[in-house]
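All of the numbers you see were taken from the coordinates with simple rules; none came from a lab. Values in this document were obtained by computation on a predicted structure and should not be read as measured data. Here the Cβ positions follow ideal geometry from the backbone for every residue, glycine too, while neighbour counts run over all protein chains shown.
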Amino acid sequence: MAADSLNPIIFDEWKTPKKILIILAHPDDPEFFMGGTIDHWTRCGHHVSYLLLTKGERGVSAEYPDSEALKEIRFHEQADAAHTLGVTEIDYMDHPDGYLEVNLKNRQLLVAEIRRRQPDIVVSCDPQTLIHHFYLNHPDHRAAGQLAVDAVFPAAGNPAFFAEQLKEGLSVTKIEEVWLSLTNDPNIVLDVSAYWETRLEALRKHVSQIGDPDEFVRKWTARRNELSGDRYNEQFRRIFLRVS
Ligand SMILES: [Zn+2]
């Protein structure tokens, strides 16, 4: 379904507070992919937390050439950015940035993290997106999306998968929905225009990644205006899981 054919909506379907777990590859992915939506959800009273699969140490540049030091810098930038959107719970798995692999071991580790947190909603990115608009998608983004989707279904909710985790005290999950950002096949478009400014404010915290923050804001505002005037939308592939 082309995004153009979907009407942007103000999303208010969830009437009770949801526990939302965002699983993505890098610090800054949540704010870039869905910062407006995150701000909207936290302001509605939902509990949002991040689980980032790498620490982003390969996001080096001339100003930030030391990848070990960069981990620490990005840790603080991510905390500040998330805080701007009402998120205070951020965990990292420390897989190698740039080399994130889809394999059984990594799926097993992620299933344990999901079972530990018991989310209602899991949010990630579409693993099928090789090219997004005019850009190649980062392989870590695709890998993070694939790991998240495979961990959610059928593993996390099924006691026959990684049964040793249950013996260690974890429980199977009852995830209701999966939302995938960065998709070429959206089925829901959220009008999050009201959260444009806070999303930009959050993105400005990622100083090591965006260069001059004022120039960054100018460029992104110009791009939004070109795409959608003064409106700002974020789009997802929304998937319902059968809850037994
Ligand atoms: Zn990324």
Let me spell out the model: positive unit charges on the Cβ of Lys and Arg, negative unit charges on the Cβ of Asp and Glu, origin at the Cα centre of the chain. What dipole size does that give, in debye rounded to 20?
780 debye
Which ³J(HN,Hα) values, rounded to whole Hz and listed in residue order, are derived for segment 170-185 from phi using the Karplus coefficients 6.51, -1.76 and 1.60 in 6.51 cos²θ - 1.76 cosθ + 1.60 with θ = phi - 60°, glycine and proline given as x?
7, 10, 5, 9, 10, 6, 8, 9, 10, 10, 10, 8, 6, 10, 8, 9
Roughly what % antiparallel, to the nearest 5, for the DSSP beta bridges in the chain?
35 percent
So what's the gap between the Cα centers of segment 141-169 and segment 25-64, to the nearest angstrom?
22 Å
How fast does segment 107-178 diffuse by Stokes-Einstein, in µm²/s, taking the Kirkwood radius from C-alpha pairs at 10 °C and 1.306 mPa s?
124 µm²/s
Binned at 10 Å from zero, the C-alpha pair distances of segment 46-163 give percents of 12, 38, 38, 11, 1
Taking every alpha carbon pair in segment 90-133 and sorting the distances into 5 angstrom bins from 0 up to the bin holding the longest one, the percent per bin comes out as 5, 14, 22, 29, 18, 9, 3, 0
Of the listed pairs Lys105/Lys205; Lys15/Lys174; Lys15/Lys55; Lys15/Lys105; Lys174/Lys205, which have alpha-carbon separations greater than 25 Å here?
Lys105/Lys205; Lys15/Lys55; Lys15/Lys105; Lys174/Lys205
Segments 49-61, 96-108, 6-18, 150-162 sorted - mean Cβ within 10 Å per residue, highest first:
49-61, 150-162, 96-108, 6-18
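How large is the helix-only mean residue ellipticity at 222 nm for the chain, computed as the sum of -39500 (n - 2.57) over DSSP H runs with n ≥ 4, divided by its residue count, in deg cm²/dmol to the nearest 500?
-11500 deg cm²/dmol
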What does the extension gain come out to for Tyr99 and Phe240, with contour length at 0.36 nm per residue minus their alpha carbon separation?
47.8 nm
Please report the orientation-averaged projected area of segment 164-244, defined via the convex hull of its C-alpha atoms, in nm².
8.9 nm²
Under 17 Å Cα-Cα from Lys219, which aspartates and glutamates qualify once same-chain neighbours fewer than 8 residues away are excluded?
Glu31, Glu197, Glu201, Asp230
Could you go through segment 25-34 in sequence order and give the Karplus-derived ³J(HN,Hα) for each residue, using 6.51 cos²θ - 1.76 cosθ + 1.60 with θ = phi - 60°, rounded to whole Hz, and x for Gly and Pro?
7, 10, x, 5, 4, x, 5, 5, 7, 7
Global form of segment 1-50, assessed from the alpha-carbon gyration tensor, a/c cut-off 1.5:
oblate
Short to long, in 10 Å steps from zero, the percent of alpha-carbon pairs of the chain per bin is 7, 31, 39, 19, 4, 0
